[in-house]
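Structure first, then comments.
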């Protein structure tokens, strides 16, 4: 994910290179400390200010299931388009003032004309890692009463929904059961 772009910076606007993405990311989150393999492709295009990178990459992240909290491997595809600017002039070797003002150091081409996609890819992977994952589309999740993983075993808890806001009213009406107050529906009369 590191490319020498000195020759591309010397070429005219619109000059293009196709590059393969094949590397590893580290420190994405607590579930993905690394190395996380990344594969894909990048298109590098010379612009008036630097190099525009259009990239598509694929990786697998370990994430907790949003229903049962079991860890699962989730395929993740990342696509981005970012412009990298040189920190020094490729012909004269003079530092460029625009680079010194840059708010995004990960979008700088270093003094050796190296364009490094690693930190940018890691940042996009971090954004993908916070998305909620599912271990399977038919995941049953956790029991809201006892916390049992319902994919592993049934917990035996009552499935009757009791509205806690109606508990006081149920006590007044005397409709308590062993499982708590029962809230009756509307009656026909």
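Which whole-number percent gives the relative contact order of the chain, counting Cα pairs below 8 Å spaced six or more residues apart?
Relative contact order here is 18 percent.
How many angstrom lie between the Cα centre of segment 17-63 and the Cα centre of segment 115-145?
Comparing the Cα centres of segment 17-63 and segment 115-145, I get a distance of 16 Å.
Taking the chain as a Gaussian network, where each spring joins two C-alpha atoms under 10 Å apart, which residue of 57, 168, 41 fluctuates the most?
Most flexible of the set in this elastic network: 168.
Give me 30, 11 ranked fewest to most by other Cβ atoms within 10 Å of their Cβ, as a rough exposure proxy.
With the fewest neighbours first, 30, 11 line up as 30, 11.
In what order do 73, 67 fall by count of nearby beta-carbon atoms within 10 Å, going from fewest to most?
Starting with the residue having the fewest Cβ neighbours, the order is 73, 67.
Does anyone have the angle between helix 118-129 and the longest principal axis of the chain? Alpha-carbon axes, 0 to 90°, nearest 10?
It works out to around 10 degrees.
Select from 96, 107, 115 the residue whose mean-square fluctuation is largest in a Gaussian network model of the chain (Cα-Cα springs shorter than 10 Å).
The residue with the greatest mean-square fluctuation here is 96.
Report the residue, chosen from 51, 78, 13, that carries the largest GNM mean-square fluctuation when the chain is represented by alpha-carbon nodes joined by springs under 10 Å.
13
From largest to smallest, what semi-axes in whole angstrom does the chain give when each is the square root of 5 times an eigenvalue of its alpha carbon gyration tensor?
The answer is 58, 18, 13 Å, longest axis first.
With both bridge residues required to lie in the chain, what share of the DSSP beta bridges run antiparallel, to the nearest 5%?
95
Laboratory data are not the source of any read-out in this text; all were calculated from the coordinates shown. Being a predicted model, the structure only gives us computed values, none of them experimental. Here Cβ is always computed from backbone atoms with ideal geometry, including for glycine, and neighbour counts include all displayed protein chains.
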